[in-house]
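Below is one structure; the comments refer to it alone.
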Amino acid sequence: MRVITGSARGRKLKTPKNTDVRPTSDSVKEAIFNAIQFNIENVVIADLFAGTGQLGIEALSRGAKFVYFADNSPESAAIIRENVKLCGFADGAEVSPLSAAAFLKKTAAVFDIAFLDPPYGQDLINRTLPALVPKMSESGLIVCEHENEYKTVDLCGNFRIRKIYKHGKKSVTIYGTD
């Protein structure tokens, strides 16, 4: 697993030894960033269910201003901290060893982009969106990675599905406002 482009291009990221984390493949990550490439520069991002932190780190490498990482696994939080430091982004990141729900309840931050790549089979995207939407900027984007069979809600607050991309057994749903 590596950073695809930007200031940290080519940096290899550390991954946990356990199999609980399912890192996003380079091809899916590249497709995500191709879809949002004109929205990355100088924005504030939430990387929820962050795992290794690779989506937020990729965004920092491409010019994001700040990324809030949240993952309730202490091992994942430690790896995210290592990866952020390894790529030279420690000043542009905050890592919270909290669940997405606890982090969203605690934070006063407003996000321009949010990444959600939760564990499958727990309906966590649909359960997280109602707490996330009030924390999003008016022109924000919410990027959700999930299995193809998962049915995301069509509308949450003023955020609606803009596009769904399919990549093998995974899909990426992007929400935005009109």
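Diffusion coefficient of segment 83-159 by Stokes-Einstein, Kirkwood radius over Cα pairs, 10 °C, 1.306 mPa s: 114 µm²/s.
Taking amide H as placed 1.01 Å from N in the peptide plane, ALA114 has its amide H under 5 Å from the amide H of ALA46, LEU141, ILE142, VAL143, each at least 5 places away in sequence or on another chain. Under 14 Å from a point 7 Å along the Cα-to-Cβ line of ALA31: which residues of segment 112-135 have their amide N that close? Counting only backbone N, you get no residues.
For SER96, the residues whose amide H sits under 5 Å from its own are PHE69, ALA70, ASP71, ignoring neighbours fewer than 5 places away on the same chain, with H placed 1.01 Å from N. Considered as an equivalent ellipsoid built on the Cα gyration tensor, segment 21-70 has semi-axes of 16, 14, 7 Å, the largest given first. Taking all protein chains into account, the per residue accessible area for segment 85-178 stands at 51 Å² (1.4 Å probe).
Among the protein heavy atoms of segment 101-169, carbon and sulfur supply 55% of the accessible surface, probe 1.4 Å, non-protein parts ignored. Only beta bridges with both residues in the chain are counted; by DSSP, about 50 percent of them are antiparallel. What is the percent carbon and sulfur in the accessible area of segment 31-82, measuring with a 1.4 Å probe over the protein chains and ignoring ligands? Result for segment 31-82: 47 percent of the exposed heavy-atom area is carbon or sulfur. Tell me the relative contact order for segment 61-178 as a rounded percent, counting alpha carbon contacts under 8 Å between residues six or more apart. Once divided by the residue count of segment 61-178, the mean separation gives 20 percent. Here segment 60-162 carries DSSP beta bridges of which approximately 20% are antiparallel, counting only pairs with both residues inside.
Computed from Cα positions, the angle between helix 74-86 and the longest principal axis of the chain comes to roughly 60 degrees. Measuring only protein heavy atoms, the 1.4 Å probe finds TYR175 accessible over about 0 Å².
Roughly how many Å² of SER7 are accessible to a 1.4 Å probe, to the nearest 10? Solvent-accessible area, nearest 10 Å²: 90 Å².
The phi-based Karplus calculation (6.51 cos²θ - 1.76 cosθ + 1.60; θ = phi - 60°) puts the 3J(HN,Hα) values of segment 141-153 at 10, 10, 10, 10, 9, 7, 5, 4, 6, 5, 9, 7, 5 Hz, whole numbers, x for Gly and Pro. Once the C-beta distance of ALA108 and GLU82 is scaled by a Förster radius of 22 Å, the resulting FRET efficiency is 0.25 to the nearest 0.05. These residues, VAL110, VAL133, go from largest to smallest accessible area, 1.4 Å probe, as VAL110, VAL133.
Applying both filters, DSSP loop and at most 15 other Cβ atoms within 10 Å, to the GluC sites (Glu not before Pro) of segment 1-77 gives GLU41. Peptide packing: for 143-155, 81-93, the average count of neighbouring Cβ atoms within 10 Å per residue gives the ranking 81-93, 143-155, highest mean first.
The values are calculated or read from the model by the stated rules, or taken from the named source; none is laboratory data. All values derive from a computational prediction rather than experimental measurement. Cβ coordinates were reconstructed from backbone atoms using ideal geometry, including for glycine residues, and neighbour counts include every protein chain displayed. Areas reflect the complete protein model, heavy atoms only, side chains present, ligands, DNA and RNA absent. Shrake-Rupley method; radii C 1.70, N 1.55, O 1.52, S 1.80 Å.
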